[in-house]
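Structure record follows, encoded as structure tokens.
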Amino acid sequence: MPEAVRWGVIGSGGIARRRTIPEGIIAAPNARLAAVFDIDPAINREVAEQFGTSAAESIQDCLAREIDAVYIASPANAHFEHAMACAAAGKHVLCEKPLGMTVAESEAMANAACKAGVLFGTALMMRFHSQHLEAKRLIEQGRLGKIVYARAQLSCWYPPIPGAWRQDTASGGGGSLMDMGGHCMDLLETFLGPAARVSCFVRNTVHDYKSEDSAVAMLEFASGALGTADTFFCITDEGSRNALELHGSMGSIVAEGTLGQADRGRMTAILKESAGGYEAGQVRDAAGGIDISPTPVNMYLAEIESFSNSILAGSEPAVGVEAGIRSQRVLAACYESARTGRAVSV
């Protein structure tokens, strides 16, 4: 069995160049960067030179190289074409979300990979965050009691930029909800289980590009818990706290900065041994709680290591194509709700 997976990258600029290649593929002991391709040949040559690899001249050229797997980080509207080409070439696929522009596209991608006998993973790297994993463990142990409410918030300042594909629904599938809300709602379902129904509002509050710069989704979970995911492209980076809140009948977990691309944030658990009686004064100790600070994990490294291990061992990915399809279904329900003004079942 080979010791390392040979990786190709489609869409070598952007997040691939900033994070996934240097922190994931280059750093992972079970991975090796073998080829990169980008629609911008100048950028692609720069990336190849920066990381000491080969610059492919086309998708077909990239897939003809001696590679085992492909990381797809191209614009969302190209994911379907690129994933189908990878499956046809017999290459394993790790695709950024959203998998496609529609649920039907994502399902077709999954079917093509299955027929080709290749693994298909969804790049939802925030699942690998060590503090998120610890929060999930506490919930599964029942330390928070019955989960009542959760919130995930991820926002940034993203002013109009010529050619920015996330600012046009034709290339990105949506704006702040599609780009960041997908991560938020995937994490909420990771903690709370499946959402049964959603109600959503999207709009352009500040920026006038074609995709939304503001979105708030309200989720009703099958467990009975409620949740919200709020995502904005028009809130300052300094002002956005990237908050995560998980509240139950016996305690809460509150965090800032764990959502996003960093490997750590501030997370506190407030846990009770018993529910107790009613306290009319409702005294709150802002300084209380238990600090949750497990050893930080680079999410991009963990993601690449995990998927590479699955390829080498012939096992199912930790975050497979089903996670991407599920994310697509939830997002589609949110956009339908925003369009119709009604709550929509997932």
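Assorted remarks:
- With respect to the chain, whose longest principal axis is taken over its alpha-carbon atoms, helix 41-51 is tilted by about 80°.
- With pairing defined as another cysteine C-beta under 4.7 Å, the cysteines of the chain that fail it are C62, C86, C95, C114, C156, C184, C234.
- Computed over the range 137-247, the alpha-carbon pair-distance distribution with 10 angstrom bins reads 15, 43, 28, 12, 2, each value a whole percent.
- Share, in percent, of DSSP beta bridges within the chain that are antiparallel, nearest 5: 60
- Cross-link partners of K91 among aspartates and glutamates (Cα-Cα below 12 Å; sequence separation of 8 or more within a chain): E66, D68
- Placing a pseudo-label 7 Å from each Cα along the Cα-to-Cβ vector at K146 and E273 gives an inter-label distance of 2.4 nm.
- For the chain, a Kirkwood hydrodynamic radius built from all Cα pairs, placed in the Stokes-Einstein relation at 25 °C and 0.890 mPa s, yields a translational diffusion coefficient of 117 µm²/s.
- With Cα atoms, 0 to 90° folded angle of helix 321-340 axis to the chain main axis: 60
- With contacts taken as Cα pairs under 8 Å and at least 6 residues apart, the range 217-346 reaches a relative contact order of 13 percent.
- Degrees between helix 182-192 axis and first principal axis of the chain (Cα, 0 to 90, nearest 10): 50
- Relative contact order of the chain, defined on C-alpha pairs under 8 angstrom at six or more residues apart (%): 20
Computed from the coordinates by the stated procedures, all read-outs in this text should not be read as laboratory data. This one's a predicted model, so the numbers in the text were calculated from it and none came from an experiment. Don't worry about glycine lacking a Cβ; one is built from the backbone with ideal geometry, like all the others, and counts go over all protein chains shown.
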